[in-house]
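Notes follow the structure.
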Amino acid sequence: MLTPPRPLGATVRCLRGVGLKATRQRLMLLGLLLGRGNRPVTADELFQQALEAGIPVSRATVYNTLHALVRHGLLRAITIDSERTWFDTDTAHIGRLYCEDSGRMEHLPPDTPGLKELLRHLGDPPPGRVEVLVRVRAEGGGGAPSVTGPG
């Protein structure tokens, strides 16, 4: 029998606190999302992780759960185009880097050159009010860019 991740009480309170029922599937999916730290993830990635963890869940349930968590402010949706949406567990994070070649998304560190200046130019909005998405594409097959630099 599968048991939801610990600490169960905190996860239940988190869901109930925003008005969501703490179903077994939501608890298990939220455990997967939060168990690996703040990160952007796609619905397909979470579905794969659920399968690998032995969690009996349908793809539709994963999508419905992610969208419910977004509506209740527990996740942030980042839409790349009409076919690709990422869900980020860090709702206050401002900057993200998306590599079109690899399909990867990473958080931009707060001290990324130019990011602080851009935010200052915008009047230093509070977290959650602005989102910076940098889309990059490797030129001439030179490898996928990363916030950690070439490599």
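In deg cm²/dmol and to the nearest 500, what is the mean residue ellipticity at 222 nm of the chain if only DSSP H runs of at least 4 residues count, each as -39500 (n - 2.57), divided by the residue total?
-10000 deg cm²/dmol
Which of 118, 74, 27 moves the most in a Gaussian network model of the chain with Cα springs under 10 Å?
118
If amide hydrogens are placed 1.01 Å from N in the peptide plane, which non-local residues have theirs closer than 5 Å to the one on residue 39?
Close amide H contacts, sequence-distant or interchain: 89, 90.
May I ask for the Kirkwood hydrodynamic radius of the range 8-79, worked out over all distinct Cα pairs and given in angstroms to one decimal?
One over the average 1/r among Cα pairs gives 12.3 Å for the range 8-79.
What is the set of long-range amide H partners of residue 104 at a cut-off below 5 Å, with H atoms built 1.01 Å from backbone N?
Those qualifying (amide H under 5 Å, at least 5 residues apart or on another chain) are 99.
Under the rule of at least 5 residues apart or a separate chain, name every residue whose amide H is placed under 5 Å from the amide H of residue 132.
For residue 132, whose amide H was placed from the backbone, the distant partners under 5 Å are 95, 96.
Quick one: helix 8-17 against the long Cα principal axis of the chain, what's the angle to the nearest 10°, folded into 0 to 90?
70 degrees
Answer with one residue from 85, 14, 125: the one whose Cα lies farthest towards the positive end of the charge dipole of the range 8-139, charges on Cβ with Lys, Arg +1 and Asp, Glu -1.
Checked the options; the winner is 14.
From the phi of every residue in the range 20-28, what ³J(HN,Hα) in whole Hz does the Karplus formula 6.51 cos²θ - 1.76 cosθ + 1.60 yield, where θ is phi - 60° and glycine or proline is x?
9, 6, 8, 6, 4, 5, 5, 4, 5
How big, in percent, is the set of alpha carbon pairs in the range 8-47 lying more than 11 Å apart?
In whole percent, the share of Cα-Cα pairs in the range 8-47 beyond 11 Å is 65.
What does the convex hull of the Cα atoms of the range 59-128 come to per residue, in Å³, rounded to a whole number?
With only Cα atoms used, the range 59-128 gives 113 Å³ per residue.
Could you work out how far the C-alpha centroid of the range 13-34 sits from that of the range 76-99, in angstrom?
Comparing the Cα centres of the range 13-34 and the range 76-99, I get a distance of 20 Å.
For the chain, treating each Cα as an identical point scatterer without solvent, what Debye log10 I(q)/I(0) comes out at q = 0.16, 0.21 1/Å?
After summing over all Cα pairs, the log10 values are -0.95, -1.33.
A short reminder: the numbers here are calculations on the coordinates, not readings from a lab. All of these numbers come straight from a predicted model, not from anything done at the bench. Every residue, glycine as well, gets a Cβ built from its backbone with ideal geometry; the counts of neighbours run over all protein chains shown.
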